[in-house]
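Accompanying notes for the structure given below.
The values are calculated or read from the model by the stated rules, or taken from the named source; none is laboratory data. This is a predicted model, so every value here is computed, not measured. Note that each Cβ is placed from the backbone with ideal geometry, even for glycine, and that neighbours are counted across all protein chains shown.
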Amino acid sequence: MPKKTEVDLDGLLDELDASTKEEFASKPTVEEWTDDFDVADLPIQARKWIQIPDLVAVVSDLKSSTHLGTGKHAASTASIYQAATGGTVSIFNRFGADFIAIQGDGAFALFWGEQRYERALCAGITVKTFSEKNLIPRLEKKWPTHAEEHPTGFKVGVASGRVLVKRIGTPRNLSEQEPVWAGTPVNFATKAAQQADRHELIVTGSVWDQIEKNDYLTITCPCNGGPSPSLWSDVTIEKVPASNDERYGRLLSSTWCDIHGDEYVASILDGMKTRADADNARTALFKALFADALRVTSQQKRRDLRTRRLGLR
């Protein structure tokens, strides 16, 4: 016989009310992160949060996943989830994500410390490349009817900002403990991914601010008449509040080039930013960006906020 669940509702609510009162009676400790920060070291019972001043979140979301039934096609659905989510996690791991979590049909990865933007963007673009060039072609070949009726593929969102993190859950039960990332990065990256279509990547305003001068990320390769400044397009992330300048982002539809992709990834991870063949395209890109008064004003607000947050001068 299964164990019967019994709950003293009044007792439970009284217990929660007492703990809430105690929590609100005094402020918890907030400590700045250090270079050796490790999620595994986060306490669960101590009232201590760690503040990371600048973190990059990458969220991958599988389009039309609700149409993947678990009835008579359970085995097929399991294969799709394993290939899709498993592949995404492998990519995040390969690019040195500092934290990875699986969420249903997708996953999110967090990057902090050195080269966080470079690693995050390389990972995000690789996810959409894997989706468009590997995952979906094989899925369409294996299950053509399903693929035609419910086109799928990964949508990717990237956002950055400050977070507070603490491990929360049931003491002495590791399976019921998870780090909570309080702040906008994961939330805004999720909203960006939700707005994207399959095989698209959307970055929020602050992410674009950090990569816009990297020719390997913002200018097309020499193939098909390149280099060109038309790699990214403007997008307003509708679910980000109108009062927040992060909503003025950029959208990428392209994947890594079969010819230049490996070279460009290596260059980005080596810290390179300028390409000798991109001078004209770079000039055209910034001319177009500076012609947009709203974008210029929003970018300056984001930069001022970033300067205050990071204590820069």
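If you go through segment 270-307, how many residues are exposed (fewer than 14 other Cβ atoms within 10 Å of the Cβ), part of a loop (DSSP other than H, G, I, E, B), in contact (Cβ under 8 Å) with a residue 24 or more places away in the chain and at negative phi?
2
Just one of the numbered conditions (1) among the aliphatic types (A, V, I, L, M); (2) modelled with pLDDT of 95 or more; (3) loosely packed, with under 13 Cβ neighbours inside 10 Å; (4) not in a helix (DSSP H, G or I) is not true of residue 240; which one?
Exception for residue 240: condition (3).
Quick check on segment 194-236: of everything there that is closer than 15 Å to residue 251 by Cα and over 21 Å from the mean Cα position of the chain (by Cα), which residue is surrounded by the most Cβ atoms within 10 Å (Cβ to Cβ)?
Looking at residues that are closer than 15 Å to residue 251 by Cα and over 21 Å from the mean Cα position of the chain (by Cα), I get 219.
Assuming residue 44 fulfils every condition listed in (1) aliphatic (A, V, I, L, M); (2) assigned to a loop (DSSP other than H, G, I, E, B); (3) surrounded by 10 or more Cβ atoms within 10 Å (Cβ to Cβ); (4) at pLDDT 90 or above apart from one, which condition is it?
(4)
Name every residue in segment 19-37 that is charged (D, E, K, R), surrounded by 10 or more Cβ atoms within 10 Å (Cβ to Cβ) and under 16 Å from residue 54 (Cα atoms), in order of residue number. Lay out the reasoning, then the answer.
So in segment 19-37, the residues charged (D, E, K, R) come out as 21-23, 27, 31-32, 35-36.
Checking the rest, the ones that are also surrounded by 10 or more Cβ atoms within 10 Å (Cβ to Cβ) come to 22-23, 31.
Listed by number, the list holds a single entry, 31.
Output the residues belonging to segment 81-98 that are over 18 Å from residue 63 (Cα atoms) and either part of a loop (DSSP other than H, G, I, E, B) or touching a Phe, Trp or Tyr at 6+ places or on another chain (Cβ under 8 Å) (or both). Please lay out each step first, then the result.
Start the filter on segment 81-98 by keeping residues that are over 18 Å from residue 63 (Cα atoms), which leaves 90-98.
Within segment 81-98, 91, 95, 96, 97, 98 qualify.
Does residue 222 count as more than 27 Å from residue 311 (Cβ to Cβ) and either of a type in the set (D, E, K, R) or touching a His at 6+ places or on another chain (Cβ under 9 Å) (or both)?
Numbers: more than 27 Å from residue 311 (Cβ to Cβ): yes; either of a type in the set (D, E, K, R) or touching a His at 6+ places or on another chain (Cβ under 9 Å) (or both): yes.
Yes: the conditions hold for residue 222.
When you scan segment 217-235, do you find a residue that is aliphatic (A, V, I, L, M), in a helix (DSSP H, G or I) and in contact (Cβ under 8 Å) with a residue 60 or more places away in the chain, even just one?
Step one: of segment 217-235, the residues aliphatic (A, V, I, L, M) are 217, 219, 231, 235.
Now restrict to residues that are in a helix (DSSP H, G or I): 217.
The next check asks that each one be in contact (Cβ under 8 Å) with a residue 60 or more places away in the chain; those that pass are 217.
There is at least one residue in segment 217-235 that is aliphatic (A, V, I, L, M), in a helix (DSSP H, G or I) and in contact (Cβ under 8 Å) with a residue 60 or more places away in the chain.
Mind checking which residues of segment 239-268 are within 23 Å of residue 126 (Cα to Cα) and among the aliphatic types (A, V, I, L, M)?
Scanning segment 239-268 gives 251, 252, 259, 265, 266, 268.
Test residue 180 against the stated conditions and say whether it is surrounded by fewer than 18 Cβ atoms within 10 Å (Cβ to Cβ) and aliphatic (A, V, I, L, M). If you could, list the steps in order and put the result at the bottom.
Details: surrounded by fewer than 18 Cβ atoms within 10 Å (Cβ to Cβ): yes; aliphatic (A, V, I, L, M): yes.
In short, yes.
I'd like the residue in segment 10-60 that is free of Cβ contacts under 8 Å to residues at least 40 places away in the same chain and among the hydroxyl-bearing types (Ser, Thr, Tyr) and, out of all such residues, is nearest to residue 118 (Cα to Cα).
Among residues in segment 10-60 that are free of Cβ contacts under 8 Å to residues at least 40 places away in the same chain and among the hydroxyl-bearing types (Ser, Thr, Tyr), the one nearest to residue 118 (Cα to Cα) is 34.
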